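Before any comments, here is the structure.
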Amino acid sequence: MASVSKEVFRSRFSFVAAAIGMAVGTGNIWRFPRDVGAGGGGTFIVALVIANLVWAVPLLMAESLLGSRSRLGTIGSFRDFMGRKFAWMGGFMGFVTLGILCYYSVVCGWAIRYLVYALSGRFTSGITAEETQSMWDGFVGNPAQTILFHAVAILLVGIVVIRGLKGGLEAVLNVTVPALFVILVILAVQALTLPGATAGLTYMFVPDLAGFADGEMWLGAFTQMAFSTGAGWGLYLTYSVYMRQKEDFALNAGVVVAGNHLASLLAGIAVICTVFALQGADYAETAVGAGDQGLMFVYLAALFGQVPGGTWFFAPLFFLVLVLAGISSLIAMAEMAVRNVMDFGVPRRTAVTAVVIVAFAVGIPSALSLDVFTNQDNVWGVGLLIAGLFAAIAMMRYGLERARAELDADSDFRVGTWWKVLIGLFPVMFAVVFGWFIYLSVTDPTQTWYNPFQTFSLSTCSSSGRSSWWCCCCSTTCSRRGSAVGRSPRASRSRRPEKWMRQRLSGR
């Protein structure tokens, strides 16, 4: 029988804190500053705000409706809202996020390792970029260490998730998410006090109007938005399974997106202003061009020795916030996978054990090879855009006006026609963004788009997509064999989702 959740968050604060923790991850701290630099500073930030408003907010509201009404994970909710033959869409969404979980725990392992480095005083006064590069090369070149810290990260998350909602997720995230923001504010204020920090602010916030015509910049903004907000991952859907009745769909989604964007801006100020203040524009350009790992673990790490209190205070604080951000997102990914397994009647403890073992095993290649890691990071990022499209299609099939009315009924802020328009335009926005990705892939002289063994190419994404589709077909088959609990709201004799949801919770 399907395991319909009866757990709910104790308060609205707990739900919002968990959802913001889901959204705020390592990408806010290392990907955002890099993308700001590559995208033209303020130009990219404006594009990101637009992407959040037209894509993330409406999509999170759609996910919230799917999860709160069905009280099931991605597979079960798509089955309920669209019918059994569409359960594969929820399976695809869950499989993409599971793929991210497997390599994302490697990133969290890196952050934990560098927190240990910082606490042990490895970032000494006068340390150079050459020395931090050697430190990074020595770490990623040691398979025993990368696999060990990958295991530590996934085990920590497993310990939290196995304790359930109140004793695990809620208890941990109610502490770690506020702590994360406090630390980000401290780091941002510290960066602003450095002489020359205004150059970083100018670089970060002054837009270049010509940059708005750059399609690659827009693609980067929408990709960063998808990675950062969690829209289309099924994570917000999963947390909405535990949402109390009569929650404000519109305000919650807006607060989560705003909180996530605030975290990105604070991290951007902390990183970019520090780099500009201590080393100037040339060093900043080199650091930004070094990629996520190079920016965090090489160039920024080399600056802690130049900051007053950097070696004993700010270095541990920075890598602590990186760990907190990564673990809070990893918890949401693990819970999404566990929720889907539990929906087939599997006990939580068994489901968590299975997810932890799979995530650890599948993540080992990413722990051993940066090329494999880069491939996974790129491929599943494209998958997120497709998963977001499926959530929009679910709303269209359910009925945009019907969905809007249900969202509006439980929202303090009016959910008007704007939501229907944005969800209705979602396929068009997806076609533009995805079409531009295909164009860049085919025309990129450094990549052969037809080679499935490239770290990132059209053929690579296509091959991974076919594998995902096969797994989704398996999940659809399992869903058809499962219980009939949660009949599709579109079935001729079905009841309105909110009615059968209440009957489930009452045990009838």
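Tabulated data for the structure shown
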| read-out | value |
| --- | --- |
| Inter-site label distance for A281 and V206 at 7 Å from Cα along Cβ, in nm | 0.9 nm |
| Cβ charges +1 (Lys, Arg) and -1 (Asp, Glu), total dipole of the chain, debye | 3140 debye |
| Leading residue at positive end of dipole, the chain (Cβ point charges), from G388, T193, G345 | G345 |
| Structure-based [θ]222 nm, the chain - -39500 (n - 2.57) summed over DSSP H runs of at least 4, per residue, nearest 500 | -23000 deg cm²/dmol |
| Long pairs among K166/K420; K6/K166; K6/K420, criterion Cα-Cα beyond 23 Å | K166/K420; K6/K420 |
| Interatomic Cα distance distribution for the chain, bins of 10 angstrom, percent | 4, 20, 31, 27, 13, 4, 0, 0 |
| R0 of 25 Å, Cβ-Cβ distance V421-V49: FRET efficiency to nearest 0.05 | 0.85 |
| P(r) weight above 24 Å for the range 128-222, C-alpha pairs, percent | 63 percent |
| Which of G215, W110, M225, positive extreme of dipole for the chain (C-beta unit charges) | M225 |
| Förster radius 45 Å - calculated FRET efficiency between Q245 and Q306 (Cβ-Cβ, nearest 0.05) | 0.25 |
| Principal axis dimensions, the range 33-125 - Cα atoms, whole angstrom, descending | 61, 34, 20 |
| Burial ranking of peptide ranges 14-22, 349-357 (average Cβ count within 10 Å, highest at the top) | 14-22, 349-357 |
| Stretchable slack from F434 to A361, in nm (0.36 nm times residue separation minus alpha-carbon distance) | 23.2 nm |
| D (Stokes-Einstein, µm²/s), Kirkwood Cα radius, the range 311-385, 1.002 mPa s at 20 °C | 146 µm²/s |
| Percent breakdown of C-alpha pair distances by 5 Å bin, ordered from the shortest bin, for the range 175-266 | 2, 10, 14, 18, 18, 16, 11, 6, 4, 1, 0 |
| Förster radius 35 Å - calculated FRET efficiency between D408 and V116, Cβ distance, rounded to 0.05 | 0.10 |
| Two-decimal ratio, the range 321-430, of alpha-carbon radius of gyration to 2.2 N^0.38 Å | 1.41 |
| Radius ratio Rg over Rh of the range 71-186, counting only Cα atoms, Kirkwood formula for Rh | 1.11 |
| Where a label projected 7 Å from the Cα of F139 along Cα→Cβ would reach, residues of the range 111-126 with amide N under 16 Å | 111-124 |
| Dimensionless Rg ratio for the range 231-291, taking C-alpha atoms and the 2.2 N^0.38 Å reference | 1.71 |
| Magnitude of the charge dipole, the range 241-375, Cβ model with Lys/Arg +1 and Asp/Glu -1, debye to 20 | 540 debye |
| Rounded to 10°, Cα long-axis angle of helix 12-23 versus longest principal axis of the chain | 60 degrees |
| Over the range 6-82: Kirkwood hydrodynamic radius from C-alpha pairwise inverse distances, Å | 14.9 Å |
| Descending semi-axes in Å of the range 208-356, equivalent ellipsoid built from Cα gyration tensor | 35, 21, 15 |
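Every read-out reported here was derived from the displayed coordinates using simple, explicitly stated rules and does not represent laboratory data. Keep in mind it's a predicted model, so treat the numbers as computed, not measured. Cβ: placed from backbone, ideal geometry, glycine included. Neighbour counts: every protein chain shown.
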